[in-house]
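A quick write-up on the structure given underneath.
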Amino acid sequence: HTFRCRRRHILRDHRVFSLVGLATGVFILILTSVTSAQAPAGKPAPLIVGTWKLNLEKSGLRNAPPQVTQIRQYKLRDDGYLVGLAITVNAQGNPSFLHFTARSDGKDYPEYTNDLLADLLAAGKQTTRTYAETIIDDYTTEWIDKQNGKVTARGTKTISRDGKTMTIDAGGPQ
């Protein structure tokens, strides 16, 4: 699958990246960013930091309903944790989200969906999902998603040298 995303940094700077799904394959989302990147004082912001909105028209994602909307946001906390949030609205108008807060140290960190967070808040039930990432270099990060301790997806996020394109190569458990 191919799925393209465009990002506008303060409505001027275009970025493109691909997004992971739980199915094996590679796809690219078209997202548009409407906020500027922020980082702790004295540190440059990672290139992923910002808000991204799916542009389905420019996406190469096959079989996607035209009414799907997605917004992704990445923020870097002062303590070095990256906060990732993806909000998706399906063709019926039902929203869902995926959220993680993690360091780029290769360790597993809790990942929440709207249902898993509701279970935690209502019944104290811990999430069964985790997210881990490791920085390879200034432009490339490896990531792994797990469910109940088993790898469900893995891949890389690569930022182009000009900082305008991010590609997320995604595959199954391998």
Checked against a 21 Å limit on the C-alpha separation, the offending pairs among LYS53/LYS150; LYS53/LYS75; LYS53/LYS107; LYS75/LYS125 are LYS53/LYS150; LYS53/LYS107; LYS75/LYS125
Ignoring any ligand, DNA or RNA, what whole percent of the accessible area of region 94-174 comes from carbon and sulfur when the probe is 1.4 angstrom? 52
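The values are calculated or read from the model by the stated rules, or taken from the named source; none is laboratory data. Treat the numbers as computed from the prediction; the structure is a model and nothing was measured. With ligands, DNA and RNA removed, areas are computed over all heavy atoms of the protein, side chains included. Shrake-Rupley method; radii C 1.70, N 1.55, O 1.52, S 1.80 Å.
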